[in-house]
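Have a look at the structure below, then the notes.
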Amino acid sequence: MKNAFQELNKAFESRIRLGIMSALMVNDFVDFNALKELLELTDGNLASHMRALEQLAYVRVEKSFLGRKPNTRYVVTPEGRLAFEQHIAALEQIIKNI
Amino acid sequence: MNAFFKPEDDLAQIRNIMERSTKFLSLSALSAILAGVYALVGAFLAYRIIYGSDVVLYFELKSQFITPETMPLILIAAVVFVLAVSTGLLLSYRKARAAGQALWNAPAQRLFFNFIIPFGAGSLFVVILYFRGYYSLLAASTLLFYGLALLNAGNFTFSDIRKLGMAEIALGILATIFPGKGLLFWALGFGAMHIIYGGIMYLKYERR
């Protein structure tokens, strides 16, 4: 049997990134401030984790204006969705084998 | 990978965030109990007016939609509704603030629109029934549409709300079978059911 630990995705080792992905998986989009509030993070902290996920092409940024206020929202990409599903499957596999 | 890695904690975190980002969990159970109390007081006052009145209200209504006898009943209904909604908003706002969340966030908006569309359609339907003189269907249709609105909205908050919706629908059907007992079914649906389900939800989620 394959070692399920090797199937875990390093990108989701951080609880914060795990939280970001969880929220994006079940919503069409989530905006920056909603994520910040949901995960109780500071601007800088959330932004750096988002940048990391963006570089992996797991999330896509959509910038727009709501009236005059800039609005940043995030969408999970098909690659991100697949990667996260595989990560969850690996977590479940590990629990089953304990 | 550190030695303290707990996959079950990660999965619990995932489930928690998924739920909190889609469901409005600041809904106050206490406000449902209070709404039920207002409804019972309103039903009691309405009962005294209807059965203490010299005129037969149904006949009065044939010629005129709003008479001196029916005015207080409409007023009671309006006061109960406004009190219940404002208590709900105020207590949910306090619950949201205590949890460090905004009241009008994405899950709240989803909950609101999924409730207001069937509820708004039902409200219009009931007003039209009233002006067309179908008084015997008022209690049944308010309960049915309210139940359908709750069933729909329950997908975006505590799932107990779906069960409350189903209970209201059942009462609505019963009210259709017994058209003369409208006030009784209103008292059960808007009074007793809110107190029962508010109580269950209070014990489950809010008691510390």
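At most 14 other C-beta atoms within 10 Å and a DSSP loop state: those are the exposed chymotrypsin sites (Phe, Trp or Tyr not before Pro) I care about. Give me the longest piece of chain B that has none. With chymotrypsin sites (Phe, Trp or Tyr not before Pro) excluded where exposed in loops, chain B gives B:135-208 as its longest stretch.
Couplings for the stretch B:65-75, taken from phi via the Karplus curve 6.51 cos²θ - 1.76 cosθ + 1.60 with θ = phi - 60°, read 7, 10, 10, x, 7, 8, 3, x, 5, 5, 4 Hz in order; Gly and Pro are left as x. Take every Cα pair under 8 Å whose residues are at least 6 apart in sequence, average their separation, divide by the length of chain B, and the relative contact order is 30 percent. The spread of Cα positions in the stretch B:26-206, taken along each principal axis and listed from longest to shortest, comes to 54, 25, 24 Å.
Here the sum of -39500 (n - 2.57) over DSSP H runs of 4 or more residues, divided by the residues of the protein assembly as shown, equals -22000 deg cm²/dmol at 222 nm, to the nearest 500. For chain B, the longest principal axis of the alpha carbon atoms and the long axis of helix B:29-52 meet at an angle near 10°. Fraction of C-alpha pairs exceeding 13 angstrom in the stretch B:112-177: 59 percent, rounded to a whole number. With a ≥ b ≥ c taken as the square roots of the eigenvalues of the C-alpha gyration tensor of the protein assembly as shown, please select rounded if a/c is under 1.5 and otherwise prolate if a/b is larger than b/c or oblate if it is not? Prolate, because a/c is 1.5 or more and a/b exceeds b/c. Residue by residue along B:7-17, Cβ atoms of other protein chains within 10 Å of the local Cβ number 6 on average.
Think of the protein assembly as shown as having a plus end and a minus end, set by charges on the Cβ of Lys, Arg, Asp and Glu; of B:Phe113, B:Leu143, B:Gly133, B:Phe113 sits farthest toward the positive end of this dipole.
Think of each Lys and Arg Cβ as +1 and each Asp and Glu Cβ as -1; about the Cα centre, that makes the dipole of the stretch B:59-157 roughly 380 debye. Here is the list for the stretch A:28-89: trypsin sites (Lys or Arg not before Pro) lying in DSSP coil, each with at most 13 other C-beta atoms within 10 angstrom of its C-beta, are A:Arg68. Report the residues of the stretch A:21-57 in range of a label on A:Lys69: point 7 Å along Cα→C-beta, backbone N strictly under 11 Å from it. Under cut-off, by backbone N: A:33-34.
Here's how it looks for A:Asn71: its modeled amide H is under 5 Å from those of A:Ser64, A:Phe65, A:Leu66, which are all 5 or more places away or on a different chain.
Computed from the coordinates by the stated procedures, all read-outs in this text should not be read as laboratory data. Being a predicted model, the structure only gives us computed values, none of them experimental. We place every Cβ from the backbone using ideal geometry, glycine too, and count neighbours over all the protein chains shown.
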